[in-house]
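All remarks here apply to the structure that follows.
The values are calculated or read from the model by the stated rules, or taken from the named source; none is laboratory data. This is a predicted model, so every value here is computed, not measured. Methodologically, a virtual Cβ is constructed for each residue, glycine included, from the backbone with ideal geometry; neighbour enumeration extends over all protein chains shown. Ligands, DNA and RNA are excluded from the accessible area calculation, which covers all protein heavy atoms including side chains. Shrake-Rupley method; radii C 1.70, N 1.55, O 1.52, S 1.80 Å.
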Amino acid sequence: MRNKVTVVGAGNVGATVAQRLAEKELADVVLIDIVKGLPQGKALDLQEAAPIENHDARLVGTNAYEASEGSDVVIVTAGLPRKPGMSRGDLLTTNAKIVRSIVEQVAPLSPDAILIIVTNPLDAMCQIAFQTSKFPKNRVVGMGGALDAARFRSFIAMELNVSVESTHAFVLGGHGKTMVLLPRYSTVAGISITELMPQDRVDALVKRTRDGGAEIIGLLKTGSACYAPASAAVEMADSILKDKKKILPCAAYLQGEYDIHDLFIGVPVKLGKDGVEEIIEVSLTEEERAALKRSADAVRSLIESLDKMRL
Ligand code: APR
């Protein structure tokens, strides 16, 4: 049976997600956007590349939700991206309204789907999607850590002149300034990077990763990153659709894990056909635990400000 994935938002991230899903033949794709003609045009353009790219995925672009019915996975990328000088939190109120209205429309048509949220500020948007969809917690998951880990792995590979395939990175916390990168659990061929480079280089790579999104925005000026975010979202969809049970850092709803209660935040999870099938807990040092708590507090304060505005 063919898989079906709906991608909401046919902008830079959404269109790239649709392209990667189709080219990997992971699913037929329904691409939805509020702008008339945009998803239709992008889907048709991608479909016309199929004979050259050798895939048989079908792509449909639409402004309505009917075509999304019965999706296995829904990937939400709609919303404003950051501009130079903006934090992900600055997008909060606008994107909260957008994500809520999308989930209200998409969830009843695909009641068994797994929702992958990409829109920023990521962890808070997951909370909105969870509340709005009323899906069980394992079927709402956010793409943040998978991107941060890919950025960290890229910088580790560049620094040590090794294949990215030999690298592994470990990230916890919110997708933002307070993310918690754990160098001692980040490895090349199983060896911690703390043994492979001096501390000042580890620190520099951690900082570059934490500022990875801003670095791209500073270069582009009129948009934010799309290729790596799309790859990370598709990596998650791939693990779900193929029931691969990959362990990836994702925003998941915590109920006591890592001493965090009733909050979406990035942790290592096992992703399979049921979505978040397990949350992996590792032992943390005092310092790491404190950094994770600071990150959770930052996410919680975004959510509280939404609650105050009744959004
Ligand atoms: N319903 C459907 N689509 C919408 C809606 C809505 N209510 N509101 C906005 N959109 C669409 C826009 O029309 C646009 O095509 O979302 C798309 C967003 O695309 P871009 O502006 O290109 O933004 P992009 O770079 O793709 O980022 C989208 O992902 O990584 C995050 O921070 C990023 O929150 C941002 C999101």
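For the stretch 286-291, the Karplus equation 6.51 cos²θ - 1.76 cosθ + 1.60, evaluated at θ = phi - 60°, returns couplings of 3, 5, 5, 5, 5, 5 Hz by residue, with Gly and Pro reported as x.
Straight-distance candidates among the aspartates and glutamates for linking to LYS36, with alpha-carbon spacing under 17 Å and chain neighbours fewer than 8 residues away dropped: ASP45, GLU66.
Summing charges over all other residues whose Cβ lies under 14 Å from the Cβ of CYS250, with Lys and Arg as +1 and Asp and Glu as -1, gives -2. Here the 3J(HN,Hα) profile of the stretch 70-83, calculated from phi with Karplus coefficients 6.51, -1.76 and 1.60 at θ = phi - 60°, is x, 5, 7, 9, 10, 10, 9, 10, 6, x, 6, x, 6, 10 Hz, Gly and Pro shown as x. Just to be sure I understand the curve: with the Debye formula and one point per C-alpha of the chain, what is log10 I(q)/I(0) at q = 0.10, 0.11, 0.15 Å⁻¹? Relative scattering, expressed as log10 I(q)/I(0), comes to -0.52, -0.63, -1.20. Of the peptides 54-66, 157-169, the order by per-residue mean of other Cβ atoms within 10 Å, starting with the highest, comes out as 54-66, 157-169.
Against the chain, whose longest principal axis comes from its Cα atoms, helix 12-23 is set at around 80 degrees. Under the classification rounded if a/c is under 1.5, otherwise prolate if a/b is larger than b/c and oblate if not, where does the stretch 145-309 fall, given a ≥ b ≥ c as square roots of the Cα gyration tensor eigenvalues? Judged from the Cα gyration tensor, the stretch 145-309 comes out rounded (a/c under 1.5). In whole percents, the pair-distance distribution calculated for the stretch 66-166 from its alpha-carbon pairs, binned every 10 Å from zero, is 15, 39, 25, 16, 4.
Distant-in-sequence amide contacts of ILE75, defined by a placed amide H-H separation under 5 Å and a gap of 5 or more residues or a different chain, comprise THR6, VAL7, VAL8, ILE116.
How far, in degrees from 0 to 90, does helix 38-53 lean away from the longest principal axis of the Cα atoms of the chain, to the nearest 10? So the inclination is approximately 80 degrees. By the equivalent-ellipsoid construction on the alpha carbon gyration tensor, the stretch 4-144 comes out with semi-axes of 24, 17, 13 Å, ordered largest to smallest. Karplus-derived 3J(HN,Hα) values for the stretch 251-259, using 6.51 cos²θ - 1.76 cosθ + 1.60 with θ = phi - 60°, are 6, 10, 7, 9, 10, x, 4, 6, 6 Hz; glycine and proline are entered as x.
Per residue, how large is the accessible surface of the chain? Use a 1.4 angstrom probe and give square angstrom.
With all protein chains present, the chain gives 45 Å² per residue.
Residues whose amide H lies under 5 Å from that of LEU59, counting only those 5 or more places away or on a different chain, are VAL29; hydrogens are built 1.01 Å from N in the peptide plane.
As a quick test, which of the pairs LYS83/LYS137; LYS246/LYS308; LYS137/LYS293; LYS207/LYS308; LYS134/LYS221 have an alpha carbon distance above 27 angstrom in this structure?
The answer is LYS83/LYS137; LYS246/LYS308; LYS207/LYS308; LYS134/LYS221.
Give the whole-number value, in cubic angstrom per residue, of the convex hull volume spanned by the C-alpha atoms of the stretch 87-239.
122 Å³
Per-residue ellipticity at 222 nm, computed for the chain from helices alone with -39500 (n - 2.57) per DSSP H run of at least four residues, works out to -13500 deg cm²/dmol.
Note on the stretch 30-77: Cα Rg divided by 2.2 N^0.38 Å, N the number of residues, gives 1.17. Relative to the longest principal axis of the Cα atoms of the chain, the long axis of helix 92-106 makes an angle of roughly 50 degrees.
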